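Notes follow the structure.
No value in this document is a laboratory result; all are computed from the given coordinates. As the structure is a computational prediction, the values presented were derived from the model and not from experiment. Note that each Cβ is placed from the backbone with ideal geometry, even for glycine, and that neighbours are counted across all protein chains shown.
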Amino acid sequence: MTLATETQTRSRGLAARFFNHRDLSLMQRRARSAWLLVAPALILLFSVAAWPLLRTFYYSLTDASLNAPGEAAFIGLSNYLDMGGDFAFGVLADPLWWRAVTNTLLFSATTVSMELVLGMLVALLLHQKFAGRTILRTAMLIPWAIPTIVSAKMWGWMFHDQYGVVNDLLAKLGFIEEPLAWVAVPELSMWAVIIAEVWKTTPFMALMLLAALQMIPEDLYESARLEGASAWQRFWRITLPLIKPAMIVALIFRTLDALRVFDLIYVLTSNSEATISISGYSRQLLVEYQDMGGGSAASVLVFMLVAGVAVSYLFIGRVKLNETGGHH
Amino acid sequence: MSFTPAPRWHKLLGRTGLYLAAVVVFVVSVFPFYYAFLTSLRSGQDLFTPSYLPEVFDWSNYVSVLSDTGIARSLFNSFAVATLTVGGCLLVSITASFALARIQFRGKGTLLLTILCFSMFPQVAVLSGMFELIRLFGLYDNLGALILSYLTFSLPFTVWVLTTFMRSLPGDLEEAGIMDGASLWVTITRIYAPLLAPAMITTGLLAFIGAWNEFMFALTFVISPENRTVPVAISMLQGASRFELPWANIMASSVLATLPIIVLVLIFQRRIVSGLTSGAVKG
């Protein structure tokens, strides 16, 4: 917002200075060329994102099969819920869909809150001055950069029930007597997935928060210290309010990312019922069962869920930000 | 209230705790990849006893992975797809980001919001529509399908990040251009594009990593083994029996798939960190 107005004032000042009598026509010409400049990106974006999205909406209302989408007939909302027969049909009547919703919400809430706490701790650590700080920051980029599939395979190997290091370490430390089947047992497999995800994404959160921490002027802390504020008070009264805008942005990014999780679960736990996500469910219906109509309906539901969460985040964020007087 | 310095032992304790925490974070960050590397150097019965230090340096898994399993081909496919995707995105992003950052026009806010939304929406939401589009162009089971589908998430990303960078460039340059009577096109290509080179490297790298790591589209739109990208190839590595995965080969392929990315990240780490965080902190 500020940047937009900034540009505006700047252009106006510029126009007034150099083109007093012609400034309107210049602004108009620039506005016209602006559309020309964004056109290639916009057209591409429309054809590879907006159009397929609209088609997914359309297919969700048909009985299309992935083999022959051309022979689709319009069937209304039956893919979502069909109460017509003796039993209810459709995605919303499928217990596995609701299982996937629970899994995804549990996964997202747990991973994002763990990332926030751990990321905050790591960011505070990296904000201190100590030998080896740069090396640590570099090392933290490794989990972030590793392809999710590689991370899934690595953790799958470490969680191996017979030969895995996780069981080996836990046994050596005396926590377990029998090896645990991390990936296979339903109660454990979600935790295996969560641990692998938190390992991979905490660095992103930490780096975001660190960047925000580094923008807080040091003298704020200095004066607080002189007035006798404890470290805890300094954190709650200075650090947290000042990094809140960046924190909310990082939270939105991470939550939306977690809600669409697919790769990790597909590879680490083979889309098992205990861990399958809504994206995994939709893709399974669409690709493996060739049910283009049902798969599209599930995809639309995924889209609406993610969009709903995004909107409520923005709403909560805005309300809170307005209370504290805006984040500029 | 006066400021009393903490006692010396207190300080010492704090320092020890700090270094202890640093060591823990370091080990947790690095260990899984280190362990994957260790595993990739071992074979046969050795695999079945966990070990934490390198004892053997046996590169035979790498040889077998590169010669037998088609990983070499997949590495090439991944490289080609990621490079072409990023190249295309950057090309159309330059002019778009100039307009979005430097020109005031009606509908700009909505446009920016739309682009941001596109960069965040779930991939699965376009899956069936994309299927149709790919079939329409006859690109099914072709690397072109991946380039086309990767634009859905790469393009909004590059436009967004480049716009953020473009805003931080000084506006006087443009004034100078206008003074000299340069057209908008000349201003962009001669004045801004060269200045934007570092930002384009950063944005390009981040987009490259995104394309290199992508899995869902690569799994869905390509079926022939020779057209697979690295993540799909790794996920499909099978052993002699259905029940025993070839872990040493999987780890060797994993190291091969990750190494190029890690090298890029280590070389450009400063840029990458600033690119990752710029949108959020300044936004």
hull vol. (C-alpha, convex hull) per residue for region B:7-118, Å³ -> 253
Taking the Cα centre of each part, how many Å lie between region A:54-92 and region A:279-293? 12
Assign unit charges at the C-beta atoms only (+1 for Lys and Arg, -1 for Asp and Glu), then state the dipole size of region A:97-323 relative to its Cα centre in Debye, rounded to the nearest 20. 680
Would you mind ranking A:H160, A:H127 so that the residue whose beta carbon has the fewest other beta carbons within 10 Å leads the list? A:H127, A:H160
So for B:R270, A:R30, fewest C-beta neighbours within 10 Å to most, what's the order? B:R270, A:R30
Can you give the local net charge around B:E55? Use residues other than it whose beta-carbon is closer than 9 angstrom to its beta-carbon, Lys and Arg +1, Asp and Glu -1. 0
For chain B, set up a GNM with springs between Cα atoms under 10 Å and report which of B:F157, B:F105, B:F79 has the largest fluctuation. B:F105
Which entries of A:K153/A:K244; A:K172/A:K200; A:K200/B:K108; A:K129/B:K108; A:K244/B:K108 show an alpha-carbon separation above 31 angstrom in the structure shown? A:K153/A:K244; A:K200/B:K108; A:K129/B:K108
Work through the residues other than B:I188 whose Cβ is under 10 Å from its Cβ and net out their charges, Lys, Arg +1 and Asp, Glu -1. +1
Taking the highest mean first, how do the peptides A:103-113, A:162-172, B:45-55, A:64-74 order by number of other beta carbon atoms within 10 angstrom per residue? A:103-113, A:162-172, A:64-74, B:45-55
Just how large is the dipole of the protein assembly as shown about the Cα centre, in debye to the nearest 20, putting +1 at every Lys and Arg Cβ and -1 at every Asp and Glu Cβ? 2640
Taking the Cα centre of region A:157-286 as origin, work out the dipole magnitude from +1 charges on Lys and Arg Cβ and -1 charges on Asp and Glu Cβ, in debye rounded to 20. 440
Once each part is reduced to its C-alpha centroid, what is the distance from region A:163-222 to region A:96-114 in angstrom? 17
Efficiency by 1/(1 + (r/R0)^6): what FRET value for A:T138 and A:A31, r their Cβ-Cβ distance, R0 = 60 Å, to the nearest 0.05? 0.85
For labels at B:Q45 and A:F235 in the simple 7 Å Cα→Cβ model, what's the distance in nm? 5.2
Under the definition of partner shielding as Cβ atoms of other protein chains within 10 Å of a residue Cβ, what is the mean value for peptide A:85-97? 0
Could you give the DSSP H helices of chain A that reach 18 angstrom or more along their long axis (alpha carbon positions) and whose average Kyte-Doolittle hydropathy is no lower than 0.5? A:23-45, A:95-127, A:133-145, A:186-213, A:240-259, A:292-323
When all C-alpha to C-alpha distances in chain B are sorted into bins of 10 Å, what percent of pairs does each bin hold, rounded to whole numbers? 6, 21, 24, 22, 15, 9, 3, 0
For chain A, modelled as a Gaussian network with Cα springs under 10 Å, which listed residue fluctuates most, A:L251, A:L207, A:L81? A:L81
Where Lys and Arg each count +1 and Asp and Glu each count -1, what net charge lies around A:P69 among other residues with Cβ under 10 Å from its Cβ? 0
Residue-averaged beta-carbon neighbours from other chains (10 angstrom radius) around A:133-141: 5
Cut-off 10 angstrom, C-alpha nodes, Gaussian network model of chain B. Which of B:S64, B:S97, B:S128 fluctuates the most? B:S128
As a check on your grasp of the helix formula, calculate [θ] at 222 nm for chain B: sum -39500 (n - 2.57) over DSSP H runs of n ≥ 4, divide by the residue count, round to the nearest 500. -23000 deg cm²/dmol
Surface/4 estimate of mean projected area, convex hull on alpha-carbon atoms of chain A, nm²: 26.8
Provide a whole-number value for the mean count of partner chain Cβ atoms within 10 Å of the Cβ atoms in peptide B:219-232. 2
